[in-house]
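Visitor: Take this structure first; my questions come after.
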Amino acid sequence: MDLRKLKTLIDLVSESNISELEITEADGKVRIVKADPHAVAAPTVMMMAPPVPTAAAPAPRTAAAIAADDAEAAAAAAAETGHVVKSPMVGTFYRAASPGGKPLVEVGTAIKAGQPVCIIEAMKIMNEIEADESGSIAKILCENGQAVEFGQPLFVIDRRG
């Protein structure tokens with residue numbers, strides 16, 4: 001696993017209310033566990049060997065994986081009528097440029113390619129995410145403050161609008 005991705009995951013666990021995160025990829029498995037949810041200490045990271053393929057039942061899916069799959073399914077259905085803007089990185093999704101600020105876009109907002117549509121915070125850096133198509137916002141697929149994965153659908157743009 002890429003060291004930057006691992007660092008981002010550690011930061012997300014540290015700053016969130018979750019106490020444990022486990023991710024399985026083709027090249028291995030990473031499990032991040034907070035020692036005590038009330039402690040200020042950094043989380044523990046355990047790297048494990050790549051999974052051995054077996055005929056056993058698949059491992060249980062995390063809530064984040066289920067939410068990402070649901071968002072992808074919603075985006076796939078909406079993509080028939082529009083363009084899906086996907087997250088270019090792992091981080092935390094924000095609709096506004098500052099806490100309590102006005103959202104950058106709402107459903108129905110007319111946008112042009114290159115216009116900022118949201119902010120994704122990754123490793124304490126606020127990254128403006130720009131629309132890659134012109135049109136109008138048909139759907140917002142993430143909640144403010146939600147952790148997002150690389151490639152996760154964020155918005156659906158209606159190209160006709």
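Visitor: Looking only at residues in the stretch 1-16 that are hydrophobic (A, V, I, L, M, F, W, C) and more than 18 Å from K34 (Cα to Cα), which one is surrounded by the fewest Cβ atoms within 10 Å (Cβ to Cβ)?
Guide: L3
Visitor: Being under 25 Å from T8 (Cβ atoms) and in contact with a helix residue (DSSP H, G or I) (Cβ under 8 Å, 6 or more places away or on another chain) is the filter here; which residues of the stretch 98-145 pass it?
Guide: A122, M123, K124, L141, C142
Visitor: Give me the strands (runs of 3 or more DSSP E) completely within the stretch 86-161, filtered to those with at least 3 residues that are under 17 Å from K5 (Cα atoms), ordered by residue number.
Guide: Working: elements: 91-94, 116-122, 125-130, 135-140, 153-158.
Output list reads 91-94, 116-122, 125-130.
Values in this text are rule-based calculations from the coordinates and carry no lab data. Remember, it's a predicted structure, so these values are computed and weren't measured experimentally. Cβ: placed from backbone, ideal geometry, glycine included. Neighbour counts: every protein chain shown.
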